[in-house]
Structures are given as structure tokens and as C-alpha cells.
Amino acid sequence: MSEMIYLDHAATTRTLPEVLEAMEPYQDIYYGNPSTIYEFGEKSREAIERARQIIARTIHARPEEIFFTSGGTESDNWALKEAVQLHKSRNGRRRAHILTTPIEHHAILNSCKELAQSDCDVSELKVDGSGRVILKDAEQAVMEHENVCLLSVMYANNEIGTIEPIDELGRMARKRNLIFHTDAVQAYGHLPIHVQRDHIDMLSASAHKFGGPKGVGFLYIRKEINLPAFVHGGAQESNRRAGTENVPGIVGMGKAAELAHRRMRMESSRIRYLRDYLSHRILQEIPDVIMTGNRKFRLSNNASFCFRGITGEAAAILLDTQGICVSSGSACSTGSLEDSHVLVAIGLDSEWAQGAVRITLGAENTKEQMDYTVEKLKMVVADMRGTAA
Ligand code: PLP
């Protein structure tokens with residue numbers, strides 16, 4: 001196949017042509033600073049507010065509850081760090097306690113690590129073998145620990161695609177008066193989200209995961225949660241996130257949000273069909289392979305596997321030479337391949353975890369590409385195992 005086959009949509013997506021078109025005028029025609037008082041600046045201000053309204057509508061929030069950020073990482077940092085500050089300001093500087101999961105993205109895990117150095121305790125909830133939080137254990141943990149100020153559980157996992165029981169966790173958090181944050185970076189634009197129904201107090205999202213540009217995202221903060229400002233300076237974003245707004249980026253994110261939600265139902269069933277076709281062939285035609293993550297509660301574009309006896313890293317490199325982009329599950333740390341923290345948390349031993357390959361589908365993928373990928377994957381795995389014919 002002459003064209004590149006891109007199967008790493010959980011890493012990032014192509015900025016959609018309609019999005020680029022919507023952004024363009026805000027680079028070179030309406031480039032006014034939204035904070036200025038003249039009409040030229042007003043154009044930028046209006047465009048930002050339009051995007052805020054679109055995004056609010058997609059999650060059943062109010063526009064004033066949407067705060068623009070530089071992406072998922074910043075939104076996660078803001079939610080966690082300022083929830084701890086809020087707790088301390090309300091509780092006479094008493095130590096805070098965050099409950100989270102061992103399978104979060106590093107934006108959450110490393111923020112927790114940083115907070116644990118000084119301001120707060122962090123406990124991780126147990127997940128089952130598919131990566132789903134065990135509700136009974138979550139309830140137990142909430143009762144056991146004093147000073148819990150925040151529950152942060154991702155909406156859907158970036159490696160194995162498992163969707164968490166967000167509605168039940170939200171209900172539990174509201175009942176216990178905890179702030180509930182969810183990192184929805186992999187879910188927003190792919191799943192319908194209802195912050196009111198599911199009692200979500202804060203939600204992080206990132207434009208480049210759903211057809212928007214890189215370097216822009218948002219944090220939803222329920223109005224009643226008086227989360228402190230994160231970036232200090234000017235009065236932008238209602239005095240809570242200072243800095244001249246990324247107007248083209250915000251406009252692009254608004255357009256991408258609108259398109260993703262308009263196309264969600266059709267697109268997710270098309271992609272699910274391709275994903276199931278690909279998975280079925282891989283599981284049938286390649287020996288010693290398991291699919292990781294939950295079969296039922298799963299992002300429709302995620303197909304993640306562990307192949308015994310190979311390293312996912314080397315498989316990704318070999319597939320790249322065949323024009324196929326996929327991710328491996330392990331991270332290179334001081335010269336050796338560390339098992340993915342997600343796969344360790346779901347109980348996989350190194351023999352399996354080392355062979356992790358994540359395939360995530362998107363708008364441009366076709367059935368023909370699935371067939372080509374299976375053939376190349378069979379070849380690569382057999383070569384690495386030394387079982388090639
Ligand atoms: N959270 C999750 C679940 C992610 O998958 C990612 C990115 O892969 C992030 C947070 C970070 O988002 P960003 O790249 O916008 O900083």
C-alpha cells in the first residue's frame with residue numbers, strides 16, 4: 001500500500017479541513033486581541049464566546065462553566081492542584097486527600113505525585129482485570145479515608161479503551177460531598193457526555209483528540225465549585241486562567257466539537273465495525289495474543305493487544321517500516337522498556353505487558369487498511385518470534 005496507514009488516533013488526530021477553514025480568518029483577518037475595547041477585538045471575543053457555547057451544549061453545561069486551557073495536561077493540573085488549595089482554604093490548612101486510579105494518564109499521576117510531596121495524601125482505587133474501577137472498593141475507600149476532597153477517575157482509558165462507571169462514581173461522590181473530576185481527554189467527542197446527569201463537577205478535554213488543533217483544550221468547572229484561578233495575570237477566562245486567548249485554536253476546537261457531535265453516532269458505528277473486524281482477524285489468525293481492556297465498556301476505536309514473546313516497541317518500529325503507525329504500551333526508561341503502568345495495574349505480568357500494541361482507529365481508516373494491517377502484523381509477529389514460514 002503506498003499511502004501511510006495511521007492507526008494511532010488516541011495519540012492525536014488530523015485537524016479536520018473544516019476546522020482549518022474555520023480557524024484561518026482568526027489568524028490573518030480577525031487577529032484583534034479579544035481583550036481590547038474596539039470593534040476589531042470584539043470579533044475575536046465573539047468567536048471565543050461562540051465556541052464556549054457550542055462546547056457547553058455538547059456536555060449539558062452552562063457556557064460560563066467552560067474555561068479554555070492549553071490542553072488536557074493543563075486542565076488536569078488545574079483541577080487537581082486547585083481542588084487541593086480549595087480544600088485547604090476551607091479546612092484550616094488540613095491535609096487533603098485525593099482518590100484516583102492507578103491507570104490514569106501521567107498528567108494526573110504526576111500531578112498527584114507532586115501534590116503528595118507536600119500538600120496531600122493520594123490513594124489509588126482498585127481496578128478489575130479490564131481496568132474498570134470496582135465500585136464497592138471505591139465506596140469503601142471514600143469511607144475509610146478522612147479529608148477526601150477530590151475523586152478523579154478518567155472517563156475512558158487511553159491505552160486499553162476501557163470506559164469507567166462515571167455515572168455511578170458521580171452519584172457516589174455527590175452523595176458524599178466530594179468533588180468529582182474526570183479526565184475525558186479520550187472520551188470527549190467520541191462518547192455522549194452529560195455532566196449534570198452524571199454529577200460531574202470538573203471535566204478535562206483536549207481538542208487534538210477529536211479533530212481539532214493541538215495546544216488547546218478546556219476544563220469544565222461546575223459553577224457551584226469555586227475552584228481557584230490557575231494562571232495568574234490578566235482578567236481572561238473570568239480571572240481564572242490568565243493570558244491572551246488562543247483565538248484560532250479555540251475557534252478550531254469549537255468547530256471540531258460541533259462536527260464530532262454531529263457525526264458521533266454514524267462515525268462510531270462505522271469505526272466499531274472496522275475495529276471488530278480487525279480484532280476478530282488478529283485474535284483468530286495470530287497465536288498467543290490477548291485483547292486488553294473491557295469488551296463491553298470500551299471506546300469504539302480502541303483495539304489493544306498483548307502478543308506473547310515479542311516487544312510491542314519493536315513491533316511498532318517494524319510496522320512503521322511497512323507504513324503503519326501504531327503505539328506500543330511500554331515507555332522507554334533509562335535504556336530499558338518499562339511495562340505500562342496500566343497493564344501492570346490490570347494484573348498482566350511482564351511476559352505479556354512487554355508485547356503491548358495499541359491500535360486506535362479514526363475517520364480516514366478503511367476495511368482495506370485493516371486487511372493490510374493484519375497481514376503485516378502477522379508477518380512482523382512471526383518474524384520476531386522466529387516462527388516465520
Ligand atoms: N489525559 C489523557 C487520558 C490523555 O490520553 C492525554 C493525552 O494523550 C492527556 C490527558 C494529555 O492531553 P494533552 O496532550 O492535550 O496535554
May I ask which residue of LEU86, ILE37, HIS60 lies farthest towards the positive end of the charge dipole of the stretch 17-259, with charges of +1 (Lys, Arg) and -1 (Asp, Glu) on Cβ and the Cα centre as origin? LEU86
Around ASP198: net Lys/Arg minus Asp/Glu count, Cβ-Cβ under 15 Å: -1
For VAL153, what is the net charge nearby, where nearby means another residue's Cβ is under 11 Å from its Cβ and Lys, Arg count +1, Asp, Glu -1? -4
Percent antiparallel among DSSP beta bridges with both residues in the chain, to the nearest 5? 55 percent
Which peptide among 179-191, 1-13, 77-89 comes first, and what is the full order, when sorted by highest mean count of other Cβ atoms within 10 Å? 179-191, 77-89, 1-13
Cα axis of helix 135-144 to longest principal axis of the chain: angle in degrees, 0 to 90, nearest 10? 50 degrees
Links that overshoot a 30 Å alpha carbon limit, given the list LYS255/LYS367; LYS175/LYS214; LYS136/LYS378; LYS88/LYS223; LYS81/LYS209: LYS175/LYS214; LYS136/LYS378
PHE307 neighbourhood, Cβ < 13 Å, K/R = +1, D/E = -1, net charge -1
Fewest to most neighbouring Cβ within 10 Å: what's the order for TYR30, TYR273? TYR273, TYR30
The stretch 239-359: spread of alpha-carbon positions along the three principal axes, whole Å, largest first, is 51, 39, 31
Using distinct alpha-carbon pairs, which all enter the 1/r mean, Kirkwood radius of the stretch 296-389 in Å: 14.0 Å
Separation between Cα centres of the stretch 32-56 and the stretch 58-102, rounded to whole Å: 25 Å
Asserting the computed 222 nm helical MRE of the chain (DSSP H runs at least 4 long, -39500 (n - 2.57) per run, divided by residue count, to nearest 500) equals -13000 deg cm²/dmol
Checking a compactness column here: for the chain, what do you get for Rg(Cα) / (2.2 N^0.38 Å), N being the number of residues? 1.02
I need the phi-derived Karplus couplings for the stretch 320-325: 6.51 cos²θ - 1.76 cosθ + 1.60, θ = phi - 60°, integer Hz, Gly and Pro marked x. 4, 5, 9, x, 10, 9
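Every read-out reported here was derived from the displayed coordinates using simple, explicitly stated rules and does not represent laboratory data. Predicted model, so just to flag it, every value in this text is computed and none were measured. So basically every Cβ, Gly included, is an ideal-geometry build from the backbone, and we count neighbours across all protein chains shown.
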